[in-house]
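Participant: Quick one: structure below, then a few questions.
The values are calculated or read from the model by the stated rules, or taken from the named source; none is laboratory data. None of the values given here were measured: they were computed from a predicted structure. FYI the Cβ positions are ideal-geometry reconstructions off the backbone, even for glycines, and counts take in every protein chain you see. These area figures cover heavy atoms from the full protein model, side chains too; ligands, DNA and RNA do not enter into them. Shrake-Rupley method; radii C 1.70, N 1.55, O 1.52, S 1.80 Å.
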Amino acid sequence: MNKLTAAYMAGLIDGEGYIGLENHRGIGSAHYRPVLKIAMTHKEIILWLHKSFGGSFVTRIRNGHPLYPNHKDLYYWGVGGKNIEPIIRKVLPYLKVKRRQAEIVLERVKLYEKMGDNSLKEIPHSGWNWKYKPEFLKRMEELYIEIRLLNKRGTGSVRD
């Protein structure tokens, strides 16, 4: 991704996007999956994102719906998990509104990378049923709460 594309994507993310952590809990464990989503009525941009960066493409048909007679169709692009990190790293220098959310996602990625040496795991296991040390769970929960507060409607702010 070149600098111009990264700056353009940052603008799309700041204006039409969402950066967050999805919370998947199990007994004695938790998994916080990073996600990046952009939704808009301009289909060509969403198709370009999907073609260029992979991820998912979804259409929500609204045109002609009895509850939304004047609404245009809405298109979504999204990417998550480990595929989000290279995109976030490229757009981070250009983000204004969603910069802190991007930093939180990168911190989450870094914490999960540390688990490779089992230092944050109580019981080595594969799959969704990791048993994490309390300090890891506490930090992940703090990041999750912070990003939820940042993404709450009406709380956005532009940072210098």
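Participant: Please give the net charge around Tyr144, taking every other residue with its beta carbon less than 10 angstrom from that of Tyr144, where Lys and Arg add +1 and Asp and Glu add -1.
Facilitator: Once positives and negatives cancel, what remains is -1.
Participant: Let me ask another. Given H placed on each backbone N at 1.01 Å, which residues far from Val97 in sequence or on other chains put an amide H within less than 5 Å of it?
Facilitator: Arg159
Participant: Which value, in nm² and rounded to one decimal, describes the direction-averaged projected area of the C-alpha convex hull of the stretch 67-109?
Facilitator: Working: hull surface 18.8 nm².
Hull-based average projected area comes out at 4.7 nm².
Participant: Sticking with this one: Using only protein heavy atoms and a 1.4 Å probe, report how much of Glu113 is accessible, in Å² to the nearest 10.
Facilitator: Spelled out: Glu113, probe radius 1.4 Å, area about 110 Å².
Participant: Probe 1.4 Å, all protein chains in place: accessible area of Met1 in Å², nearest 10?
Facilitator: Only protein atoms counted, so the area is about 80 Å².
Participant: For Lys90, Lys133, Lys110, Lys82, what's the largest-to-smallest order of accessible area, 1.4 Å probe?
Facilitator: In descending accessible area the options line up as Lys82, Lys110, Lys90, Lys133.
Participant: A 22 angstrom limit on the alpha carbon distance is what I want to check against. Which of Lys3/Lys98; Lys51/Lys90; Lys90/Lys152 exceed it?
Facilitator: Lys90/Lys152
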